[in-house]
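Colleague: Got a structure for you, questions after.
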Amino acid sequence: MTTAVEAWLRRNHFLLRRLHSLSGMIPIGAFLVVHLYTNSLAAWDAHAFDKHVREIHEIPYLPLIELLLIFLPIAFHAAYGVAIAMQGRSNAAQYWWLDNWRYTLQRVTAWIALLFLVLHLLHFRFAHWIGGPEYQATIARGMTPFDLTQWGFVDGTPVAAWLWVTLYSVGLAASVFHFCNGISTFCITWGITVGDRARRRVFAASMLLGAVLLAWGFASLYALTARPKPDLRLPPQPDARPVALSPADGGAS
Amino acid sequence: MNDQAQRTISVRVRRQDRRGSAGYWQTFRIAHQPNMNVISLLQEIAARPVTVEGRHTAPVVYDSNCLENVCGSCSMVINGRARQACNTLVDALLAERPQVEIAPLSKFPVVRDLFVDRSRMFDALKKVRAWIPVDTYGPIGEGPVVAPEDAATRYDLSRCMTCGCCLEVCPQVNHRSEFIGPQAIGQAALFNLHPTGAMNSGPRLEALMEPGGISDCGNAQNCVKACPKQVPLTWAIGKVGRDTTLHAIRRWLMK
Ligand code: SF4
């Protein structure tokens, strides 16, 4: 059995390595960008965030999309990546070159991102597995997505909130580095950037993208934890007002 | 030399008596002379193989041949870096730190002391068919005309002397991995760039698509920095990466 699996893995070695590289960009990297974009809305406007999250949850076939474009690719990328990482032996301490440090950091951040991802999924997406709230049910009971997310961070002691923020900061930084550095190694692996200058340029561009993603991530983290809580029940009121107006406001009656 | 004669150099050498036996360190004190290279340090040790403790020992065994950075046989890890003993000057080393430390390449089996068995690289050349097959002894006319730029790129790749420095510094080359190493990929690129050699590019690329081939590269890009012959290894790896990608797609769609 193991030998059959091993033989299959060896026969498809090249394809699997290329798929591992590709899956890091599409769909996983693309998903990371979209995810951080969604989060960034929380920093601008909690209502925009709520609207966007509700829209996402209305996408048809969402569970299937989630499974095929998010969970399975991540599971494959992680499992195969662990196997690859086991074969490397970093020597960045001996050979102090930037690219060599990037090699090491790519693997270190992979481990951090993987660990963070598991915690992040249990914190929000699968919180109900460990006794937490389930998204659809909680929203149905009238909680807004922003509130629900904020609750995930600040419900508890201030120490717990700070631990969450620290954990998310580290996880965010690791995931963004792993993805953005991965863009430049993806380009090398597939033979898109062959020359050194082309590689430097792609690396610079990928780090710029990384700066944007980090800014998005940290801004949303700030909005969801440290910033004074916006009153989310306020806006529906102008519409509701004409109906509820009469007796309470002492207006025209 | 009179006032220089006082000055001595401490040389720490990694020894190993036979294949598979445990290694150990020995330190020697060598009189400093101007313009010494690491080979001349080893020659001085051979002339008087006595450690700092006063123990008489066997001269240090090492591999060397051309003594001018062309043959690739005297690769060693000198002060923590893989390089050729012949073109590493002692005064430059002493400018970095007071002691000279010499160890054998760590990615190859030690035969004795600093002498390692580099045959895995020659096996790798066979695996990627790093030659141009000519199936006749008769005259076959002139070869195809080659653009000067291609010839220049090929010249850069052809300088490889199979020294092993690029494998030594590669984090993907180790006892847990099958990675063939940068040198063989560079040579596959060399022969694929040759108009006649290109006729066999398929088998070369396919050899590099197996486990341990091109896709086991981890993009640390140490090889190109460590290569004493400035072989454009990362360029070659990128080129072979591109060629294998296209080869795989073509093969997939055409059969
Ligand atoms: S490519 Fe350079 S470092 Fe590698 S074996 Fe050839 S000469 Fe040595």
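The values are calculated or read from the model by the stated rules, or taken from the named source; none is laboratory data. What you are looking at is a predicted structure, and each value in this text was computed from that prediction instead of being measured. Counting neighbours? That spans all protein chains shown, and the Cβs are built from the backbone with ideal geometry, glycine included. Ligands, DNA and RNA are excluded from the accessible area calculation, which covers all protein heavy atoms including side chains. Shrake-Rupley method; radii C 1.70, N 1.55, O 1.52, S 1.80 Å.
Colleague: Quick one: how many residues across segment B:153-200 are more than 14 Å from chain A (Cβ to nearest Cβ) and more than 16 Å from the ligand (Cβ to nearest atom)?
Modeller: Residues in segment B:153-200 being more than 14 Å from chain A (Cβ to nearest Cβ) and more than 16 Å from the ligand (Cβ to nearest atom): 7 in total.
Colleague: Taking segment A:128-147, which residues are in contact with an Asp or Glu (Cβ under 7 Å, 6 or more places away or on another chain) and closer than 24 Å to A:Pro73 by Cα?
Modeller: Of everything in segment A:128-147, just one residue is in contact with an Asp or Glu (Cβ under 7 Å, 6 or more places away or on another chain) and closer than 24 Å to A:Pro73 by Cα, namely A:His128.
Colleague: I need the helices (runs of 4 or more DSSP H) fully contained in segment A:98-213, keeping only those with at least 1 residues that are open to solvent by 30 Å² or more (accessible area, probe 1.4 Å) and within 14 Å of chain B (Cβ to nearest Cβ).
Modeller: A:98-120, A:158-189
Colleague: Which pairs turn up if I take residues in segment B:221-233 that are within 6 Å of the ligand (Cβ to nearest atom) and look for partners that are among the charged types (D, E, K, R) and not in a helix (DSSP H, G or I) with beta carbon separation below 6 Å, at least 6 apart in sequence or on another chain?
Modeller: B:Lys229/B:Arg159; B:Val231/B:Arg159
Colleague: Considering only residues that are hydrophobic (A, V, I, L, M, F, W, C) and either without any contact (Cβ under 8 Å) to a residue 40 or more places away in the chain or touching a His at 6+ places or on another chain (Cβ under 7 Å) (or both), which ones fall in segment B:100-133?
Modeller: B:Ile132
Colleague: Is there a residue being part of a strand (DSSP E or B), modelled with pLDDT of 95 or more and more than 30 Å from B:Arg159 (Cα to Cα) anywhere in segment B:55-73?
Modeller: Within segment B:55-73, one or more residues are part of a strand (DSSP E or B), modelled with pLDDT of 95 or more and more than 30 Å from B:Arg159 (Cα to Cα).
Colleague: Considering every residue within segment B:91-111, establish whether at least one is of a type outside the set (Phe, Trp, Tyr), more than 14 Å from every other protein chain (Cβ to nearest Cβ), within 16 Å of the ligand (Cβ to nearest atom) and under 24 Å from the mean Cα position of the chain (by Cα).
Modeller: Scanning segment B:91-111, I find at least one residue that is of a type outside the set (Phe, Trp, Tyr), more than 14 Å from every other protein chain (Cβ to nearest Cβ), within 16 Å of the ligand (Cβ to nearest atom) and under 24 Å from the mean Cα position of the chain (by Cα), so the answer is yes.
Colleague: On to the next question. Of the residues in segment B:30-69, how many are within 16 Å of the ligand (Cβ to nearest atom) and without any contact (Cβ under 8 Å) to a residue 24 or more places away in the chain?
Modeller: Total satisfying the criteria: 3.
Colleague: Further question: When segment A:39-89 is examined, which residues are found to be open to solvent by 70 Å² or more (accessible area, probe 1.4 Å) and within 14 Å of chain B (Cβ to nearest Cβ)?
Modeller: A:Met86, A:Arg89
Colleague: Also, I was wondering about something else. Restricting attention to segment B:166-201, which residues are open to solvent by less than 10 Å² (accessible area, probe 1.4 Å) and more than 27 Å from A:Tyr95 (Cα to Cα)?
Modeller: B:Gly197
Colleague: Can I ask one more? Looking at (1) under 15 Å from B:Lys229 (Cα atoms); (2) within 14 Å of the ligand (Cβ to nearest atom); (3) surrounded by 13 or more Cβ atoms within 10 Å (Cβ to Cβ), which is the only condition B:Ala124 fails?
Modeller: Here B:Ala124 meets the rest and fails (1).
Colleague: Which of the residues belonging to segment A:1-44 are polar (S, T, N, Q) and part of a helix (DSSP H, G or I)?
Modeller: A:Thr2, A:Thr3, A:Ser21, A:Ser23, A:Thr38, A:Asn39, A:Ser40
Colleague: Do we find that A:Pro27 is open to solvent by 20 Å² or more (accessible area, probe 1.4 Å), of a type outside the set (S, T, N, Q) and more than 22 Å from A:Gly182 (Cα to Cα) in this structure?
Modeller: In short, no.
Colleague: How many residues are over 19 Å from B:Ile180 (Cα atoms) and at the interface with chain A (Cβ under 9 Å from one of its Cβ atoms) when one looks only at segment B:201-251?
Modeller: Residues meeting the conditions: 2.
Colleague: Something else: Can you give me the number of residues within segment B:234-255 that are open to solvent by less than 10 Å² (accessible area, probe 1.4 Å) and more than 14 Å from the ligand (Cβ to nearest atom)?
Modeller: Adding up the residues that qualify gives 3.
Colleague: Identify, by number, the condition in (1) within 16 Å of the ligand (Cβ to nearest atom); (2) buried (at least 23 other Cβ atoms within 10 Å of the Cβ) that B:Gly213 doesn't meet.
Modeller: With respect to (1) within 16 Å of the ligand (Cβ to nearest atom); (2) buried (at least 23 other Cβ atoms within 10 Å of the Cβ), B:Gly213 is out only on (1).
Colleague: Tell me, yes or no, whether segment B:134-149 has at least one residue that is within 16 Å of the ligand (Cβ to nearest atom) and either crowded, with 22+ Cβ neighbours inside 10 Å or assigned to a helix (DSSP H, G or I) (or both).
Modeller: Within segment B:134-149, none of the residues are within 16 Å of the ligand (Cβ to nearest atom) and either crowded, with 22+ Cβ neighbours inside 10 Å or assigned to a helix (DSSP H, G or I) (or both).
Colleague: Which one of these does B:Gly72 not meet: (1) open to solvent by 30 Å² or more (accessible area, probe 1.4 Å); (2) within 14 Å of the ligand (Cβ to nearest atom); (3) in contact (Cβ under 8 Å) with a residue 40 or more places away in the chain?
Modeller: Going through the list (1) open to solvent by 30 Å² or more (accessible area, probe 1.4 Å); (2) within 14 Å of the ligand (Cβ to nearest atom); (3) in contact (Cβ under 8 Å) with a residue 40 or more places away in the chain, B:Gly72 breaks only (1).
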